[in-house]
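Asker: Shown below is the structure under consideration.
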Amino acid sequence: MSDAEVMLSWQAGVGTLTLNRPANANAVSASIVSGINNALDEAGARKARALVIEGAGHNFCAGFDLSGLDAETDDSLLARFVRVELMLQRVAEAPFLTVAKAQGRIMGVGADLFAACSLRLLDGMPTLAFPGFRGFGIVLGRERLKSLVDPGLAQRWLEQASAISAEEALNSGLAMALLDDHRHALTTAIELALENFTARRTNAAGDLDELVRSAAVPGLKSRIAAYIATTVALRRQAA
């Protein structure tokens with residue numbers, strides 16, 4: 001499978017899905033959500049051993065694609081977030097090993113996609129963050145995150161939207177290993193993980209309920225617009 005925004009290749013029962021929007025730091029568009037869902041379908045049909053998710057270019061995924069915000073409404077944004085959450089639940093509960101190989105910026109929905117995978121690997125020394133809750137009031141994947149790390153730490157990450165270093169991600173359990181010679185190390189990590197792999201069960205209903213309640217609060221589009229304006233202003237000040 002290959003299109004402009006998602007590429008999928010196979011070797012020895014292991015799929016490699018590449019988020020292919022490097023100019024946009026692989027921000028998650030509707031096409032990427034559809035592409036990931038299609039890849040999960042194909043992996044299931046093939047009875048795949050594993051599916052590796054990576055990002056083209058210098059970044060894994062910088063979050064939710066907001067480039068077309070002017071054309072959105074509160075309702076259309078809510079629907080997009082629901083589709084993202086349902087896709088994340090499929091990744092988290094897949095009957096095959098899902099692997100995140102992540103570099104550069106791992107932000108927002110990108111960090112949630114990373115957390116949804118069963119095997120979570122860092123390539124280089126990236127930075128992670130979950131800015132959606134503090135930035136515009138979206139609660140996405142809180143229960144999934146709390147199942148991986150100390151619940152108090154997970155809540156602090158969400159409330160403060162603070163940058164999470166590779167070291168902190170590894171020490172907390174959010175990330176599981178740091179790749180060096182990434183091709184050999186990736187193959188080894190997958191084989192080791194497959195020895196003890198069992199499909200996860202998550203609090204999917206709880207995560208979906210929290211998301212819908214948070215996204216249904218009136219003014220979602222305006223909150224996101226304010227977040228973008230603040231972020232742009234801060235970047236200009238730092239430049």
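The values are calculated or read from the model by the stated rules, or taken from the named source; none is laboratory data. Note that the structure is predicted; figures quoted are calculated from it, not measured. Cβ: placed from backbone, ideal geometry, glycine included. Neighbour counts: every protein chain shown.
Asker: At pLDDT 95 or above and within 17 Å of the chain's Cα centre (by Cα): does that describe Arg142? Write out each step before concluding.
Answerer: Numbers: at pLDDT 95 or above: yes; within 17 Å of the chain's Cα centre (by Cα): yes.
So Arg142 passes the test.
Asker: Here's something else I'd like to know. Do we have Ala50 as loosely packed, with under 15 Cβ neighbours inside 10 Å and within 20 Å of the chain's Cα centre (by Cα) here? It would help to see each step written out before you state the result.
Answerer: Values: loosely packed, with under 15 Cβ neighbours inside 10 Å: no; within 20 Å of the chain's Cα centre (by Cα): yes.
It is false that Ala50 is loosely packed, with under 15 Cβ neighbours inside 10 Å and within 20 Å of the chain's Cα centre (by Cα).
Asker: For the stretch 67-83, check the following and say yes or no: at least one residue is of a type in the set (Lys, Arg), in a loop (DSSP other than H, G, I, E, B) and free of Cβ contacts under 8 Å to residues at least 60 places away in the same chain. Show your work before the answer.
Answerer: Initial filter on the stretch 67-83 (of a type in the set (Lys, Arg)): 80, 83.
From the residues that got through so far, the ones that are in a loop (DSSP other than H, G, I, E, B) too are none.
No - not one qualifying residue is present in the stretch 67-83.
Asker: For residues that are in contact (Cβ under 8 Å) with a residue 40 or more places away in the chain and either assigned to a strand (DSSP E or B) or of a type outside the set (Val, Ile, Thr) (or both), scanning just the stretch 31-46, find the one that is surrounded by the fewest Cβ atoms within 10 Å (Cβ to Cβ). If you could, list the steps in order and put the result at the bottom.
Answerer: Of the residues in the stretch 31-46, the ones in contact (Cβ under 8 Å) with a residue 40 or more places away in the chain are 33, 36-37, 40, 42-44.
Narrowing further to those that are either assigned to a strand (DSSP E or B) or of a type outside the set (Val, Ile, Thr) (or both): 37, 40, 42-44.
Working: Asn37: 16, Leu40: 21, Glu42: 16, Ala43: 24, Gly44: 14.
For the stretch 31-46, the residue satisfying everything is Gly44.
Asker: Any residue at all in the stretch 21-30 that is surrounded by fewer than 16 Cβ atoms within 10 Å (Cβ to Cβ) and either under 15 Å from the mean Cα position of the chain (by Cα) or touching a residue at least 40 places away in the same chain (Cβ under 8 Å) (or both)?
Answerer: First, pick out the residues of the stretch 21-30 that are surrounded by fewer than 16 Cβ atoms within 10 Å (Cβ to Cβ): 22-23, 30.
Now narrow it down to the ones that are either under 15 Å from the mean Cα position of the chain (by Cα) or touching a residue at least 40 places away in the same chain (Cβ under 8 Å) (or both): 30.
Yes: the stretch 21-30 contains one or more residues that are surrounded by fewer than 16 Cβ atoms within 10 Å (Cβ to Cβ) and either under 15 Å from the mean Cα position of the chain (by Cα) or touching a residue at least 40 places away in the same chain (Cβ under 8 Å) (or both).
Asker: Out of all the residues in the stretch 118-148, which are of a type in the set (Asp, Glu) and surrounded by 19 or more Cβ atoms within 10 Å (Cβ to Cβ)?
Answerer: Step one: filter the stretch 118-148 for residues of a type in the set (Asp, Glu), giving 123, 143.
Selection gives Asp123 alone.
Asker: Any chance you could count how many residues in the stretch 194-213 are in a loop (DSSP other than H, G, I, E, B) and in contact (Cβ under 8 Å) with a residue 40 or more places away in the chain? I'd like the intermediate steps shown before the answer.
Answerer: The first filter runs over the stretch 194-213 and keeps only residues in a loop (DSSP other than H, G, I, E, B), leaving 196-203.
From what is left, the residues that are in contact (Cβ under 8 Å) with a residue 40 or more places away in the chain are 197, 199-203.
Count: 6.
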